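Student: Could you have a look at this structure, given as structure tokens, before my questions?
The values are calculated or read from the model by the stated rules, or taken from the named source; none is laboratory data. Computed from a predicted model, the values in this text were never measured in an experiment. Cβ: placed from backbone, ideal geometry, glycine included. Neighbour counts: every protein chain shown. Note: accessible area is taken over every heavy atom of the protein model, side chains too, but ligands, DNA and RNA are not part of it. Shrake-Rupley method; radii C 1.70, N 1.55, O 1.52, S 1.80 Å.
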Amino acid sequence: RDLARWLARHVGIQGAVILAPNNQTVTLHYFGGLRGLATVSKDNMDGLGVAVRILSASTPEEAKELIDQRGITHIIIPSWDSYLEVYTRMGMGQVEGTFYAMLMHWQLPPWLKPVPYQFPTIAGLEKQSITILEVVDNQDDAAAASRIAEYFLEMGQLDQAAGAGQALRRYPADLGALTVRAEVESARDDQANFARTFESLLRRLAGRGDRGLPWDRRVSLAVVLARNKRADLAREQVRQCLAEVDEAKLRSLTTGSLYRLQVLGKAYGLQIADRRLQQLALDLLSAEFRNRLAQP
């Protein structure tokens, strides 16, 4: 129920079409009005068949063609429900070598972005998790790898974040990749590597390496600069972020990034000019984060 309402709020009026196990599909529709592909209704054998074909596809390209045909926006994989694996075996007789296997090993194609979602505290579900993958436009390799690393950071999975951070070393000239490497090294208290990465980041920024930086990467850059006492540089990044913001950009941010952007805006005396977008930025936060922002 919490996930249904959270996801419905984040996708907005355009809604979502989800690929999830049948029980979760029904629940997300009931509580969030979200449409889904895979149910076991006798009237939906066609949708179930497409779900089987997507998950058992032997290549991401094959899966993407079917995903686009059905307008799927999110793939949802709960740890407590194995029915996506069941669908995969229905199609291929095995999991190995399938699109589903790629997802389970975090071998994401450039058109999937992980979306962090924190479970509410519920007795008995402390060890459960849910993976949400959003279908997006093709990302370049550095941006895709950066978003995966930040996902693990926000989910508190520091070992996985460290592995993803190592992969970012393949992009030493990419400011977004340097930003996330700095985030990962700081979170792991790896001061020696952080100092070198942060120095490289500052050199790239001095050379106008932030031109063309994706908007969500600019938000991350502002946070890293602010945390490391470069308020002079961070303020300018926040100013640009707020000047360029629109509804789609707000909805593209993780909850943590959206909260931190608003914290910095408040600290620097900056705000979104459009009052409707101001309100949306608040509405997309949890009640806890909204209460924190309201404090003096």
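Student: Through the Karplus equation 6.51 cos²θ - 1.76 cosθ + 1.60, θ set to phi - 60°, convert the phi angles of the stretch 193-210 into ³J(HN,Hα) values in whole Hz; use x for Gly and Pro.
Tutor: These are the phi-based 3J(HN,Hα) values: 5, 4, 4, 5, 5, 5, 5, 4, 4, 5, 5, 5, 5, 5, x, 6, x, 8 Hz.
Student: Assign one of three labels to the stretch 110-219, namely rounded, prolate or oblate, based on the Cα gyration tensor with a ≥ b ≥ c the square roots of its eigenvalues; rounded applies when a/c is under 1.5, prolate when it is not and a/b is larger than b/c, and oblate otherwise.
Tutor: oblate
Student: Run through all the Cα pairs of the stretch 211-296 and give the fraction in each 10 Å bin from 0, expressed as whole percent.
Tutor: The percentages, shortest bin first, are 17, 57, 25, 1.
Student: Hey, what number do you get for the chain at 222 nm if only DSSP H runs of n ≥ 4 count, each worth -39500 (n - 2.57), divided across all residues, to the nearest 500?
Tutor: For the chain, the value works out to -18000 deg cm²/dmol.
Student: Here's a follow-up. Could you tell me the calculated FRET efficiency between V26 and A167, based on Cβ-Cβ distance and R0 = 45 angstrom, to the nearest 0.05?
Tutor: With R0 = 45 Å, the Cβ-Cβ based efficiency is 0.75.
Student: Can you give the translational diffusion coefficient of the stretch 127-285 in µm²/s, computed by Stokes-Einstein from the Kirkwood radius over Cα pairs at 20 °C and 1.002 mPa s? Each step should come with its number before you reach the end.
Tutor: Details: Rh = 16.0 Å.
Stokes-Einstein gives a translational diffusion coefficient of 134 µm²/s.
Student: Averaged per residue, what accessible surface does the chain expose to a 1.4 Å probe, in Å²? Walk me through the intermediate numbers first.
Tutor: On the way: 14920 Å² over 296 residues.
Dividing the accessible area of the chain by its residue count gives 50 Å².
Student: Please work out how much length the chain gains when fully extended from Q69 to R239, using 0.36 nm per residue of separation minus the C-alpha to C-alpha distance, in nm with one decimal.
Tutor: Extending this stretch completely gives an extra 57.3 nm.
Student: Please sort 19-25, 70-76 by packing, taking for each peptide the average over its residues of neighbouring beta carbons within 10 angstrom, highest first.
Tutor: Packing order, densest peptide first, comes out as 19-25, 70-76.
Student: By how many nm would the segment from D159 to E62 lengthen if fully extended, with 0.36 nm per residue of separation less the alpha-carbon distance? Provide the component values of the computation, followed by the final result.
Tutor: Values: separation 97, 0.36 × 97 = 34.92 nm, distance 3.17 nm.
Stretched out fully, the D159 to E62 stretch lengthens by 31.7 nm.
Student: Could you state the principal axis extents of the C-alpha atoms in the stretch 1-125, from the largest down, to the nearest angstrom?
Tutor: Taking max minus min along each principal axis of the Cα atoms, the stretch 1-125 gives 35, 31, 28 Å.
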